[in-house]
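A quick write-up on the structure given underneath.
Each reported figure results from applying straightforward, stated rules to the coordinates on display, with no laboratory input. This one's a predicted model, so the numbers in the text were calculated from it and none came from an experiment. Here the Cβ positions follow ideal geometry from the backbone for every residue, glycine too, while neighbour counts run over all protein chains shown.
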Amino acid sequence: MTDFVRYVRRGLLACAAAGLLAGCQAAPRQELSSLPPPAQDYLLISSYFMAEGGLVSRLQDGGLSGQQVYDMAISLKYGKRMLMTALLKPSRRARHNVEMAVALMVACSNQPDPSTLNGAVLSRCIPDTMAPPVPMTKGQVPPQATAPAPR
């Protein structure tokens, strides 16, 4: 019986080693630009909607300041504008802008809850140089200043 267990262990070890070596020989990751344009558009649209779902989920969780909600709205509008531009006038630069806008949306959905910062000042997820300010329309209210969290 002992010999059987020893052979099974050796066989499992050999299979594991072969699996690890086969993983090292996998094909390199394919770049987005090497895909056909319809596939690129599909991936851009699906990544945008996943990031939008993350923003909506974070908003529903609550615990955000007015500035954080405003930044999320700006990133959402910016992402939608970049996506529409890339779909209407496709180019490598337009697709890159969509990728950056989706990354911005994800960064805004990963903002910390202000109540966990013990009164520290929140850093904005939107750099002032990246996204132009969204013009205020009739009925919109500018973001409220964030007050330190109560202790």
Along Cα→Cβ, 7 Å out, is where each label goes; now give me the distance between the ones at residue 9 and residue 77 in nm to one decimal. 6.7
Which distance in nm do the two modelled labels at residue 117 and residue 61 give, with both placed 7 Å along the Cα-to-Cβ direction? 1.5
Rounded to whole Hz and in sequence order, give me ³J(HN,Hα) for the stretch 71-79 from the Karplus expression 6.51 cos²θ - 1.76 cosθ + 1.60, θ = phi - 60°, writing x for Gly and Pro. 4, 5, 5, 5, 5, 5, 5, 5, x
Over the stretch 72-112: Rg over Rh, Cα atoms, Kirkwood Rh: 1.03
With a cut-off of 18 Å, note down the residues of the stretch 79-100 whose backbone N falls inside the zone around a label point 7 Å from the Cα of residue 39 toward its beta carbon. 91-92, 95-96
Relative contact order as a percentage, the stretch 44-117, C-alpha pairs under 8 Å and 6+ apart, gives 48
